[in-house]
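FYI, it's all coordinate maths here, none of it is from the lab. The shown structure was predicted, so the numbers you read here are calculated from the model rather than taken from an experiment. As a convention, Cβ positions derive from the backbone with ideal geometry for all residues, glycine included, and neighbour counts pool all protein chains shown.
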Ligand SMILES: [Zn+2]
């Protein structure tokens, strides 16, 4: 330490030496700032987020229970439920509804409801732009009617609950922007309402 102080003192006596010293000091300050900034900024960001998030409504991800969660984040309006549900004014819409319709604004993010592997990511018959996820044990979920160009996963990709899949749209046999959420067990569509309720995620 004594030697470095002597060197610093000697450097401070010359013009070039002072420039070197100032340079070294500036680098030390930069390095300290670099280390300290995340330590201060991260707790601040976390505190800010906690302060602005309404209770029970996450800002960026849907509510989850265990390994499963809602395919939409926050509030949505219920469309058609499962079963016989003709759509007034829509001749091409099926009367026997195989899924559960949930609507937010056009372009709202749609999330994977559970962990699995993507088996469809694109146009899929009357479902329009669609993502299908194979969860294993004969369980498949379908996310239909997505916006053009919005699908953000690829076939073969592994997803977990809350992985963004695409955006709510009006493609395929659809009558206004909504998510057609469908659950299949052994290739048979089952009612998503009791299925989700059993996972602690009641659909309203
Ligand atoms: Zn539907």
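Check whether at least one residue in segment 60-68 is within 16 Å of the ligand (Cβ to nearest atom) and in a strand (DSSP E or B), and report yes or no. The answer is no; no qualifying residue exists. The residues of segment 105-116 that are in a loop (DSSP other than H, G, I, E, B), within 15 Å of the chain's Cα centre (by Cα) and within 16 Å of the ligand (Cβ to nearest atom), listed by number, are 108, 113. Scanning segment 154-197 for residues that are part of a loop (DSSP other than H, G, I, E, B), away from the ligand (no atom under 16 Å from the Cβ) and surrounded by 19 or more Cβ atoms within 10 Å (Cβ to Cβ) yields 161, 162, 163.
Residue 141 meets the conditions (1) surrounded by 16 or more Cβ atoms within 10 Å (Cβ to Cβ); (2) under 16 Å from the mean Cα position of the chain (by Cα) in every case but one. The failed one is (2).
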